[in-house]
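Structure, as structure tokens:
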Amino acid sequence: MAMERGPLSINSENMFPIIKKWLYSDHDIFYRELISNGCDAITKLKKLDMMGDYELPEGYKARIDIEVDPQEKTIKVTDNGLGMTADEVKEYINNIAFSGAEAFMEKYKDKASDDQIIGHFGLGFYSAFMVAELVEIDTLSYQDGAKAVHWECDGGSTFAMDDGDRKAIGTTVTLHLSEDCVEFSNYYRAQEVIEKYCSFMPIEIYLSEHDTKMTETINESERRPDDVVIEVIEPAKKPETEKKEGEDAADGEAEEKRLKIRRRPILCNDPHPLWAKTPKDCTDDEYKEFYRKVFHDYKEPLFWIHLNMDYPFNLKGILYFPRINLEYESAEGVIKLYNSQVFIADNIKEVIPEFLMLLKGVIDCPDLPLNVSRSALQNDGFAQKISDYISKKVAEKLAGMCKTDKENYDKYWDDISPFIKYGCLRDDKFCEKMTDYILFKDLDGKYHTLPEALEINAKDAETESAQDENGEKVEAEVVSDGDKAEADAAKEGAEDKEEEKKERTIYYVTDPEQQSQYVRMFRENDMQAFVLSHNIDQPFISQLEAKNEGIHFARIDADVQDALRADGETAGNEEQTKEDGEKIEKIVRKALDDEKLKVQLETLKDANVSSMLTVNEQTRRMNDMMKMYSMNGMDFGMDKMTKEGQTLILNAAHPLVKYVLEHEEGENTKLICEQLYDLALLQNEPLTGDAMAKFVTRTNQIMMFLTGEK
């Protein structure tokens, strides 16, 4: 073929500079594009063989070879695919944006599917010009009688094409790197980039360095046909004196020769990733090994979800729930997105539900509608369907685990609950599916679903209701039959309303240690509460209340429950109790110099409890939210807001409270009131610096009184 020169056919004015400089955001992505083209060429050749249009040679092994040469500043990407004729080079290379994969599938659409054909837009080859000042192609087509072709272009608007000298079917692309991109010819840099983008491409990828100094030593029997021998190392002969009787000279040379060869190419990818297998063919050890390999995480994942879907779109993947210590680590995951085993990007928010980005995993979706650089999506509607499907499958997996493997689900719950609760906050559909499978850990460390937690409260309510019925039985017996029916109906309606209220209330603690006094009182009265100690719990329970009418969450210090009050202590003496309550409120307000403090006198079952502090549930939630904003530099007058909703509960049965009532103007009354308030506050939240200092000084003063010193 005579030398031929001509202009490139560019489909858009000034397209080439745009491709060269701005098509891809990351220059290292050229490795992905050129290797993808090689995979396409090999896959097409295999399909031709399957369809009977070509017969692969005996012993054929599909592979892509990358050879870097830091001395010459070159990179060679070689495949043993179907190659190109001169006409095909003109059509697929000179006509920018003509997709070879698209044309191939159009030609053979009646004979084969498009599985594993990666290319789509035909622009990937030109990513080479982001890093190279000269690009060469040497190719030989599989077609009978085809001649080798050599093509080159320096990044301008012209090309040069002539006969080539390639002997094997396939293609080699040679990049002569620009001075500012020579780093990509470094062996270890190349390995890093190839493993980043091509770790799971469907064809084996081998990397080598064109450097005779890079050697390894093997036994002669291990030599392969493609090994380049640098040196032959003869075995050392045994001295005559060391020969055994009957051993001749030849026996001394029986030891095998050693060969120093140029270091063999290393395999850089796994063409058969775990996610491409069916779940039943994967072992737990394989899942764990894959996790360590991909995410370099030494901690084993808690469990995983294997996604495998063929309709209405093709999607496979594995999502891992990692083991995270949220006290010391941030909950940031990585979801790697692939398209036909070609890495696209991490955490693409259009495809991966936001809350699942806290997980680690891989998603492979060949149907993704990517743009020309594969860096973004073209169809948000389709991507949203994929996102919804992933969210649905995760919910189904978790629900199934809760139903069939509750023991392990309980064991994992503390670790996975932030993920799930965050998902419920961000995704209404996910929340609907998961509501009945959210777990609540009780004060005894046992886990219950939401319906079970409500049932526990219902049993508590039934116990109290039974106690009320026993107290009113005698009164009911003296009512006439007619009035009795009416009274029973009214009473039943009132009880149903009260019982319904109690059944739908879930009591909780945020800090079992800090709130230990309330916890002890609850447990002594056979009442149950649940531990909600994570930062996400407050917005989460607010959402549950909003989405489930009638369900109410209350921290155990939000009010004095009836079960904590002494039975019958104040019966028939309400007037006196009211007077005492008003009196002690005035005394305490004066002692604490706080005219707005709410003080309530109660007779508690536990006579050892002198004081408690209750905080209105909604007010406390509002205060907590304001504290969060205040930490971000917004001042809401937190000192004032913190006391809003507080009620100081004083136990009328306690000697200290009786002393205050009886010694309104006593010299120790102020000291006792201050101590009662701080003791109550300590069970609710830590004291501030100044308050703690005063508390310590006052406690020392009280102990001095005990010794007789003043």
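Structure data summary
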| quantity | calculated |
| --- | --- |
| Of all residues making up the stretch 158-185, the number that are part of a loop (DSSP other than H, G, I, E, B), among the charged types (D, E, K, R) and under 18 Å from Leu34 (Cβ atoms) | 1 |
| Test result for Ser99, open to solvent by less than 40 Å² (accessible area, probe 1.4 Å), more than 23 Å from Asp226 (Cα to Cα) and at pLDDT below 90 | yes |
| Test set (1) at pLDDT 85 or above; (2) on the phi > 0 side of the Ramachandran plot - Met612 fails condition number | (2) |
| Lone unmet requirement of (1) out of contact with any Pro (no Cβ under 9 Å at 6 or more places or on another chain); (2) modelled with pLDDT under 90; (3) surrounded by fewer than 22 Cβ atoms within 10 Å (Cβ to Cβ) for Glu432 | (2) |
| Residues that are free of Cβ contacts under 8 Å to residues at least 40 places away in the same chain and within 19 Å of Gln514 (Cβ to Cβ), drawn from the stretch 526-555 | Ser533, Asn535, Ile541 |
| Test: Glu579 is at pLDDT 85 or above, among the charged types (D, E, K, R) and surrounded by fewer than 17 Cβ atoms within 10 Å (Cβ to Cβ) | yes |
| Residue within the stretch 547-565 that is modelled with pLDDT of 85 or more and among the polar types (S, T, N, Q) present | yes |
| Unmet requirement for Asp526, which otherwise passes all of (1) more than 27 Å from Asn623 (Cα to Cα); (2) touching a strand residue (DSSP E or B) at 6+ places or on another chain (Cβ under 9 Å); (3) of a type in the set (D, E, K, R); (4) part of a loop (DSSP other than H, G, I, E, B) | (2) |
| Hey, Gly81 small (Gly, Ala, Ser) and buried (at least 24 other Cβ atoms within 10 Å of the Cβ) or not | yes |
| Qualifying residue in the stretch 186-204 (condition: part of a helix (DSSP H, G or I) and among the polar types (S, T, N, Q)) | yes |
| Selected residue (criterion: nearest to Ala554 (Cα to Cα)) from residues of the stretch 505-534 that are of a type in the set (Val, Ile, Thr) and open to solvent by less than 10 Å² (accessible area, probe 1.4 Å) | Ile506 |
| Residue satisfying all of: in the stretch 651-676; hydrophobic (A, V, I, L, M, F, W, C) and under 18 Å from Met521 (Cα atoms); surrounded by the fewest Cβ atoms within 10 Å (Cβ to Cβ) among these | Ala653 |
| Qualifying positions in the stretch 182-198 - among the hydrophobic types (A, V, I, L, M, F, W, C), closer than 26 Å to Tyr338 by Cβ and more than 27 Å from the chain's Cα centre (by Cα) | Phe184, Ala190 |
| Filtered residue count, the stretch 535-556, keeping only those that are open to solvent by 50 Å² or more (accessible area, probe 1.4 Å) and in contact with a Ser or Thr (Cβ under 9 Å, 6 or more places away or on another chain) | 2 |
| Scope the stretch 143-153; condition open to solvent by 40 Å² or more (accessible area, probe 1.4 Å) and in a loop (DSSP other than H, G, I, E, B); matching residues | Gln143, Asp144, Gly145, Lys147 |
| Scope the stretch 189-215; condition open to solvent by less than 70 Å² (accessible area, probe 1.4 Å), of a type in the set (Asp, Glu) and at pLDDT 85 or above; matching residues | Glu204, Glu209 |
| Among residues of the stretch 620-654, those that are out of contact with any Ser or Thr (no Cβ under 8 Å at 6 or more places or on another chain) and modelled with pLDDT of 85 or more, counted | 0 |
| Hits in the stretch 413-429 (condition: farther than 17 Å from Lys393 by Cα and open to solvent by 40 Å² or more (accessible area, probe 1.4 Å)) | Asp414, Asp415, Leu425 |
| Filter pass, Leu679 being open to solvent by 40 Å² or more (accessible area, probe 1.4 Å), hydrophobic (A, V, I, L, M, F, W, C) and under 25 Å from Ser533 (Cα atoms) | yes |
| Enumeration of residues in the stretch 349-366 that are of a type outside the set (D, E, K, R) and either open to solvent by less than 20 Å² (accessible area, probe 1.4 Å) or over 17 Å from Gly423 (Cα atoms) (or both) | Val351, Ile352, Pro353, Phe355, Leu356, Leu359, Gly361, Val362, Ile363, Cys365, Pro366 |
| Filter result (touching a Ser or Thr at 6+ places or on another chain (Cβ under 8 Å), assigned to a loop (DSSP other than H, G, I, E, B), open to solvent by 20 Å² or more (accessible area, probe 1.4 Å) and closer than 30 Å to Ile233 by Cα) within the stretch 255-302 | Glu256, Arg263, Arg264, Pro265 |
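Condition check ((1) of a type in the set (S, T, N, Q); (2) modelled with pLDDT of 85 or more; (3) not in a loop (DSSP other than H, G, I, E, B)) across all residues:
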position: Trp304; (1), (2), (3): no, yes, yes
position: Glu329; (1), (2), (3): no, no, no
position: Ile348; (1), (2), (3): no, no, no
position: Ala383; (1), (2), (3): no, no, yes
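The values are calculated or read from the model by the stated rules, or taken from the named source; none is laboratory data. The structure presented is a predicted model; accordingly, all values stated were derived computationally and were not measured. Quick reminder, even Gly has a Cβ in these numbers, built from the backbone with ideal geometry, and neighbours come from all protein chains shown. When the accessible area is computed, the model is the full protein with side chains, heavy atoms only, and any ligands, DNA or RNA have been set aside. Shrake-Rupley method; radii C 1.70, N 1.55, O 1.52, S 1.80 Å.
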